[in-house]
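The values are calculated or read from the model by the stated rules, or taken from the named source; none is laboratory data. All of these numbers come straight from a predicted model, not from anything done at the bench. Virtual Cβ from ideal backbone geometry, glycine too; neighbours counted across all protein chains shown. Calculation scope for accessible area: heavy atoms of the full protein, side chains included, ligands and nucleic acids excluded. Shrake-Rupley method; radii C 1.70, N 1.55, O 1.52, S 1.80 Å.
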Amino acid sequence: MDGVNRTEAMVRAADAARTSYGRLLALLAARCGDVTMAEDALADAFERAVRHWPVEGVPANPDAWLLTVARNRIRDVVTGAPARRTVALDPALHDPGLLDRIDPDALEDRRLELMFVCAHPAIDPATRTPLMLNTLLGCTAEQIGRAFTVPTATMAARLTRAKKRIRQARIPFRIPERAELPARVDAVLETVYGAFAIDWHTTGRERNDSLTGEALHLAEVLTQVLPDDPEAHGLAALIDLCTARADARTDALGNYIPLERQDRGRWDAELVARGHAHLRHAYSFATLGRYQLEAAIQAAEGSGADPAVLLDAHRALHSFAPTLGSATSLAAATARVHGPAAGLAILDAEIGDPRFQPAWAVRAHLCGLLGHSGQAYAAYTKAIDLSHDTAERRFLTQARDALSGE
């Protein structure tokens, strides 16, 4: 083991948590069949890492060390005396050799299996995507609740029930047969999209690069597992095209830069090309879907398409998959073509949730264009209060403060 100080050891533990948590959890849960037990064991392993690594040094293979500690913790729980006295013997679960068959030095990647487990018909459809975001990608109940506009306590309760359901229903950890995929694949795609969306709405230091990396990776994996699914390719195209612009979204001082003002020379040309390739492949199936439409809009935005063409695309998207996000984007696109009053009319008609931050930001901008300074100021204030990103809050605050100088 390498000798390091406490600060470096904690940084290394944090790095392992950020880059390997989902992979380690999926592997442990696949072996013990209990997501909550795997989470508890892994949390214990990370806690021990923080205590032991500063003293003993960081192991050469931190993931293997964490997995071994967590595996031993699970073995203690399922085979210990308290369990033997209070829990009926289940050979499939309580076989000590099951955990021994995990090779710490050759870690499998079982995340995709866990995603399909979370998408099983026995799990409440409304909870499938949040469950995957929580277990595989480490998103908190607060983050997920914010993305789904659901109170944190409600989301936490849903996640707990879903994890119990996986254990009680004895859902097998495996890639489903092809005939079973259609009933589950939408939730899996939505999870990858959700991970990307949670991170995409962050521009400053709060940005969680591991989420973007995981979304990119999992989207590519899904195109390999589902090569004939146009929506898998559409999702990969969407994430590639948006992520390609990530570095251009802020300047050297961390200030947010809107798309129309970005330096396109800072876009990742390789990701742009890959996104376009996925989009062309998706179109070859001649079956339209939500993610293809979203990717097409991003491609068109990136090429400076006619606003009227973009408006048609936004209308098609909102008709195909109406969400708060698509309604807000439609309002902004409508305003560019037909004026801010037309955009506000769509916001008034389509947005009923007062917690949806992007709608307040668009409303503030449109009210400002109309010269309704009081309404714009109030809307900016609401958008700022609902924003959790430093760069975005600064951008909105500057726009609000500029109203007083008009």
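Observations
- Each of the peptides 255-264, 126-135, 139-148 was scored by the mean count of other Cβ atoms within 10 Å over its residues; in descending order, highest first, they stand as 126-135, 139-148, 255-264.
- Rounded to the nearest 10 degrees, the inclination of helix 340-350 to the longest alpha-carbon principal axis of the chain is 40 degrees.
- Estimated purely from DSSP H runs of n ≥ 4, each contributing -39500 (n - 2.57), the mean residue ellipticity at 222 nm for the chain is -22500 deg cm²/dmol once divided by its residues.
- Ligands, DNA and RNA are left out, and with a 1.4 angstrom probe the accessible area of segment 252-346 is 51 Å² per residue.
- Within-13-Å neighbourhood charge of E350 [Cβ basis; K, R +1; D, E -1]: 0
- Packing rank of 152-165, 19-32, where each peptide gets the mean count of other beta carbons within 10 Å, highest leading: 19-32, 152-165
- S319/T19 FRET efficiency (R0 56 Å; Cβ-Cβ; nearest 0.05): 0.90
- Mean Cα-pair separation over length for the chain, i.e. relative contact order, pairs under 8 Å, 6 or more apart, %: 11 percent
- With contacts taken as Cα pairs under 8 Å at a separation of at least 6 residues, segment 261-406 carries a relative contact order of 13 percent.
- Fully extended contour minus Cα-Cα distance, from V55 to E180, at 0.36 nm per residue: 40.1 nm
- Cα long-axis angle, helix 324-338 against the chain (0 to 90 degrees, to the nearest 10): 20 degrees
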